[in-house]
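Worksheet: the structure to be examined is printed underneath.
The values are calculated or read from the model by the stated rules, or taken from the named source; none is laboratory data. Please read all numbers here as calculations on a predicted model, not as lab measurements. Cβ coordinates were reconstructed from backbone atoms using ideal geometry, including for glycine residues, and neighbour counts include every protein chain displayed. All accessible areas refer to the heavy atoms of the entire protein, side chains included, with ligands and DNA or RNA removed. Shrake-Rupley method; radii C 1.70, N 1.55, O 1.52, S 1.80 Å.
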Amino acid sequence: MIKIKRIYEDYSDMDGYRILVDRLWPRGISKERAKIDLWPKEIAPSNDLRKWYSHNSEKAKEFQKKYITELEGNSDSLNEVKNTTRDQKTITLLYASKDPNPIHAIVLQQLLNG
């Protein structure tokens, strides 16, 4: 099972293996509080793509397409995450945005569920 959760929410034992899916470390979160198992920055949206999107919902579909293209170009890193998490029963993808529907985390969830 792969869940998505905002990193500012409280840690839970039910989170399982915790993966931060943002390129930047979340403000105000200590490493102890974050309890991150993996932080594969390479699979997060590039800085250029993130800045272009700027949480503009009108760009959501185009962002998704561009992000998938970025991931296809970085398949080694994505495959590494898949291999690392293969034996995990529960995985939680963590993101920092206030957006209740973080597109990049949703795309990753779909790809990891494969």
Neighbourhood charge, 14 Å Cβ-Cβ cut-off, centred on N79 and excluding it, Lys, Arg +1 and Asp, Glu -1: -2
Amide N proximity, segment 18-62 versus Y8 label position 7 Å along Cα-to-Cβ, cut-off under 11 Å: 27-29
Selected from N83, M1, H55, residue furthest toward positive end of dipole (the chain; charges at beta carbon): H55
Area of M1 that stays accessible when all protein chains are in place (1.4 Å probe, Å², to 10): 140 Å²
Most fluctuating residue given options G28, G16, G73, as computed from a GNM of the chain linking Cα atoms under 10 Å: G28
Selected from G28, W39, A105, residue furthest toward positive end of dipole (the chain; charges at beta carbon): G28
Among L38, L20, L71: highest mean-square fluctuation, GNM of the chain, C-alpha pairs under 10 Å: L38
Distance (nanometres) between label positions extended 7 Å along Cα→Cβ at Q88 and Q110: 2.1 nm
Average accessible surface area per residue within the chain, 1.4 Å rolling probe, Å²: 62 Å²
Cross-link reach list, lysines versus K59, counting only Cα pairs under 30 Å and skipping chain neighbours closer than eight places: K3, K5, K41, K51, K82, K98
Amide H contacts under 5 Å for Y17, placed H, 5+ residues apart: T90, I91, T92
Bins of 5 Å from zero: percent of alpha-carbon pairs in the chain: 2, 11, 24, 25, 20, 12, 4, 0
List R86, R27, R33, R18, ordered by accessible area with a 1.4 Å probe, largest first: R27, R86, R33, R18
Estimated dipole of the chain in Debye, rounded to 20 [Cβ of Lys and Arg +1, of Asp and Glu -1, Cα centre]: 240 debye
Point-to-point label distance, W25-K65, nm (Cα→Cβ direction, 7 Å offset): 3.7 nm
GNM result for the chain, Cα springs below 10 Å: residue of A60, A44, A96 fluctuating most strongly: A60
Segment 11-77 - percent of accessible surface contributed by carbon and sulfur, probe 1.4 Å: 47 percent
